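The values are calculated or read from the model by the stated rules, or taken from the named source; none is laboratory data. Nothing here was measured: the structure is a model prediction, and the numbers come from that model. Here the Cβ positions follow ideal geometry from the backbone for every residue, glycine too, while neighbour counts run over all protein chains shown. Side chains are part of the model used for accessible areas, which takes the heavy atoms of the whole protein and leaves out ligands, DNA and RNA. Shrake-Rupley method; radii C 1.70, N 1.55, O 1.52, S 1.80 Å.
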Amino acid sequence: MDRRTALMLTTLLGGFLPSRLLAQEDDAETTGRRPRRDPGFRPAGATTAEAAADPRPARDPIDADDQPPAGFVNEPGFQWKRFPIGNYTRAAAEQKTPQKAIIDWIFRRTGTADWHGEKTAVLVAGKTELRAYNSPEVLAQVADVVERFTDAIEDYLSVHIQVVAAADTRWRYAVFSKLEPVGAGPQGQQIWTLSLEDAAHVLAQLQMQTGFRRIVDQRVEMVNGQTLSVRTFEPRTYSGGIERVSAAGTGYQPRTDKLEESILLRLSPLLSYEGDTVDAATELTVNSVQAFQRTKVIAPREVGPSEMTIDVPVAYQTRMEQTLKNWRLGQTLLISGGIHPGVIDKKGGWLGTPFGAPSSTEVLVFLDVEVSSRARGRGRGAEVEADDRSAPEDRDQAATRPAASRRDDDYDYGDEPERSRKPGGRAVRGPDITIEDP
């Protein structure tokens, strides 16, 4: 057979046989390149009829462009759920990752064992949607938490923080029977709730004491469920060691080190469905310095006295972390941070002696939470104005600065609604007050 005959036969056979054999068909249903139909995975709350009427094609629990890692195995009885959270993250749009607050509260509700155990579990949130893969019991708790964020009657809360140092613990004498215990810390810290009238009575008694100091007094507006951080501190310098400041043998000098005596309060209030109580995650850390003990050491000096003096700090830290449930709005939460040796106060006594130096100070935190609309209804504007100590020209400059470039300590006192004011900044006595954003 010559080449011309072979070419003719090939052309004739191509007209009778298919261009691709049946075994070589690109079946999208078998190759897995098209998402599998899974009618059970749909937005949380959607009914079966709504899912059937949805004209969009059914999708996998994880989109094709966000495939699970290799080796992902479905657990028996586990389910996928999607929860829309866009209406909440839009309310907290000034935060970089507002959805992290939802994740944190889910862990507080369910614990971490159900998400980090032997079975595969997923909890991930973006700006518009939260996805969870777990047992139906855990997913029901996730749904409850998400609903408290997305369907709250109020997105903004007004928080009044007062931190005082009391030199006498006898303020309890007349009001102790009216204090309702709700928690305690590992180093003897105590938490109570009391009425607003009783809280005002306690503060009035404390102000008559000689060693009373009001460290923080600030009202802040924050988004429901986010974390408010209040930090006030005082640096303490001391001679922590020696260092060579020149090449000569006499160049050794005391080295200056620094400690921070501080009070750090973190608060994350989450409003209930009815809007009359909150669950509050609280964390109070107090770092205090009692004294610096002077100690002599021998320095490697070739010329001059070899003895030098350094300081050894005597420091303490107490830390309490509690999640309180059903804290009724209209009641004051009172936290006793324990007894500390003159926290954020001068340490020296008379004429350099320990006599007259502070020996005991109780750290007390008064917290009041209200929904923002109710706080404004009771004349909150006057209180905010009283707390603002910045100069008028500074506020005018902050108001004209573009929103993207404003600092955290800028308050906008323009014509925008009250609820859109950005919290944060530095309070009167020096504390840093910010809405945390990792």
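Things worth noting here:
- Other residues whose C-beta falls under 10 angstrom from the C-beta of PRO254 contribute a net charge of -2, scoring Lys and Arg +1 and Asp and Glu -1.
- Förster radius 22 Å - calculated FRET efficiency between GLU147 and ALA93 (Cβ-Cβ, nearest 0.05): 0.60
- Neighbourhood net charge (12 Å Cβ-Cβ; Lys/Arg +1, Asp/Glu -1) for MET208: 0
- Legend: calculated FRET efficiency, GLN209 to GLN79, from the Cβ-Cβ distance at R0 = 56 Å, rounded to 0.05, equals 0.45.
- The accessible surface of region 125-207, taken with every protein chain in place and a 1.4 Å probe, is 51 percent carbon and sulfur.
- Among residues other than THR112 with Cβ under 14 Å from its Cβ, the summed charge is 0 (Lys and Arg +1, Asp and Glu -1).
- Paramagnetic reach from HIS201 in region 178-193 [backbone N under 11 Å; point 7 Å along Cα→Cβ]: 178-179
- Given +1 at the Cβ of Lys and Arg, -1 at the Cβ of Asp and Glu and no other charges, the dipole of region 108-264 around its Cα centre is 640 debye to the nearest 20.
- A full extension of the chain between LYS119 and GLU436 corresponds to an added length of 110.9 nm, given 0.36 nm per residue minus the alpha carbon distance.
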